[in-house]
1. Can you go through MET131, MET96 and tell me which one is in a helix (DSSP H, G or I) and open to solvent by 80 Å² or more (accessible area, probe 1.4 Å)?
2. Within the set of pairs 6+ apart or on separate chains, which have a first residue in segment 23-45 that is at negative phi, a second that is modelled with pLDDT under 50 and not aliphatic (A, V, I, L, M), and C-beta atoms under 7 Å apart?
3. Please go through segment 94-120 and give me each residue that is without any contact (Cβ under 8 Å) to a residue 60 or more places away in the chain and over 13 Å from VAL53 (Cα atoms), ordered by number.
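The values are calculated or read from the model by the stated rules, or taken from the named source; none is laboratory data. Bear in mind the structure is a predicted one, so any value in this text is a computation, not a measurement. When we count neighbours, we look across all protein chains shown, and the Cβ atoms used for this are built from the backbone with ideal geometry, even at glycine. To get the accessible areas, we keep the full protein, side chains included, count just its heavy atoms, and leave off ligands, DNA and RNA. Shrake-Rupley method; radii C 1.70, N 1.55, O 1.52, S 1.80 Å.
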Amino acid sequence: MENEPQEPQAPQEPTGQYYRPPTSGGSGGTGAPYQSDKPIGIVIMVLSALCGVCGIAAAVGVGALGAAAASQAGPGTDTAAVAAASGLAAILGIVMLVSGAVGLAVGFGIMKSARWGFIAGAVLYGLNAIMSVVNLVSGQMQGILGLVISGALCFYCVQRLTGKIGEPPV
């Protein structure tokens, strides 16, 4: 009884918060998240949160500044122009806030190696790269850094989706 052969045991499935069911492609089909997804997702979320904070500051700050300027206006001051500029700045701030919220969601999806995060990231950063190219063509050279960052993130998302970098996300 002591020398009986033992039955081979099935391999244990990995446990933890990032386990993915096996997939049918890539390098072995483990479905495990790629190790750089988490830091890239965190960086995207931090930058998106900063965008949202700037949006709130622009919406509130410029709106308050416009209200103060309109109340201090003397005769001959065009209060309609001040109100219009304040309104446009408030709208820009709201757009930045929404953009930051969408970026937070995309960063979270990428951090969790979720397929929807990479799809949304490829679309979002692809559109951002196209808009940066349009700005460069129209003569606005300040968009070079944005083009590089958006292009790199779009490339990363597409490469992860196709499985050329790490396992394809589930």
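1. Working: MET96 fails: open to solvent by 80 Å² or more (accessible area, probe 1.4 Å).
None of the others qualify; the one that does is MET131.
2. THR23/GLY29
3. Answer for segment 94-120, where residues must be without any contact (Cβ under 8 Å) to a residue 60 or more places away in the chain and over 13 Å from VAL53 (Cα atoms): VAL102, ALA105, ALA114, ARG115, TRP116, PHE118, ILE119, ALA120.
Condition check ((1) open to solvent by 50 Å² or more (accessible area, probe 1.4 Å); (2) polar (S, T, N, Q); (3) modelled with pLDDT of 75 or more) across all residues:
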{"site": "ALA67", "(1), (2), (3)": "yes, no, no"}
{"site": "GLY74", "(1), (2), (3)": "no, no, no"}
{"site": "SER113", "(1), (2), (3)": "no, yes, yes"}
{"site": "ALA122", "(1), (2), (3)": "no, no, yes"}
{"site": "ILE144", "(1), (2), (3)": "yes, no, yes"}
{"site": "PRO168", "(1), (2), (3)": "no, no, yes"}
